[in-house]
Amino acid sequence: MDIEHQAGTAGLRYAADKGLAVVIMEGLRGGMLTGEVPPPVQQVWDGALVQRTPAEWALQWLWTHPEVSVVLSGMTTMGQVVENVESTSRSGVGTMTHDELAIVDRVRDQYNALCAIPCTHCEYCLPCPNDVEIPRIFEIYNDMVMYGDNGRAKLFYSWIEEEKRAGACIECGECLSKCPQSIEIPEWLKTVHAALCEEEATV
């Protein structure tokens, strides 16, 4: 999902080209890729000739890259340990076919199509005169919409200082002229706050 986020794939290749070992963390996006898969995404997975769990698809995609040295995968059940060990035994550089890589690309496209707010995290909207953490808030909301984990989104939102949450927006409009994506930021902040401000977020 994050091939263009931060250093992305280009950074991976650059580091490997310099002889640096690359350790992958959060390869399953903190488990978001293994939760309830949206129907449009599941339809793509179901159309693959090789059937894998979403977790194995993601891990195999990482392992097939020659630049990747180690993949760290958090596991909470013995079943996940067994699945990951078995998946590792089938892994290797270049083991995924061109068609399988294309499936992953289609899945990424389907997830991105679910993104509600077209925020690119350019941060041109910052600093907000009222210190609202606009890009971070939009990221939390988009993740909730794309991956369906409402509890996680509400928890992450609760970690933002209350005076920096979406409810602190005074609709001054200063951000509107700065946003290259022409996002109706104050209106979206209202929507996000209504969806995430519930006090039932728990670890």
Exercise. Return the carbon/sulfur percentage of the accessible area of the chain, one whole number, probe 1.4 Å, all protein chains in place.
Key: 53
Practice problem: Would you mind giving the three semi-axes, in whole Å and largest first, of the ellipsoid equivalent to the chain according to its Cα gyration tensor? | Solution: 34, 19, 16
Practice problem: Determine the relative contact order of segment 59-147: mean sequence separation of Cα pairs under 8 Å and six or more apart, normalised by residue count, in whole percent. | Solution: 28
Quiz item: Magnitude of the Cβ-charge dipole of segment 66-203, K/R +1 and D/E -1, about the Cα centre, nearest 20 debye?
Solution: 180
Quiz item: With the other protein chains left in place, how much accessible area per residue, in square angstrom, belongs to segment 89-179 at a 1.4 angstrom probe?
Solution: 54
Exercise. Just name one of VAL71, SER89, ILE137: the one whose Cα is farthest towards the positive end of the charge dipole of segment 25-166 (beta-carbon charges, Lys/Arg +1, Asp/Glu -1).
Key: SER89
Quiz item: What's the lysine pair count for the chain at a Cα cut-off below 30 Å, pairs eight or more apart or interchain?
Solution: 6
Quiz item: In whole Å, what is the distance between the alpha-carbon centres of segment 2-35 and segment 106-157?
Solution: 20
Exercise. Just need the relative contact order of segment 83-203 here, percent rounded to a whole number, with Cα pairs under 8 Å and 6+ apart.
Key: 28
Quiz prompt | Relative contact order of the chain, pairs being alpha-carbon contacts under 8 Å that are 6 or more residues apart, as % | solution = 19
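The values are calculated or read from the model by the stated rules, or taken from the named source; none is laboratory data. Since the model is a prediction, treat every value here as computed from it, not as a measurement. Every residue, glycine among them, receives a Cβ derived from its backbone with ideal geometry; neighbour counts consider all protein chains shown. Calculation scope for accessible area: heavy atoms of the full protein, side chains included, ligands and nucleic acids excluded. Shrake-Rupley method; radii C 1.70, N 1.55, O 1.52, S 1.80 Å.
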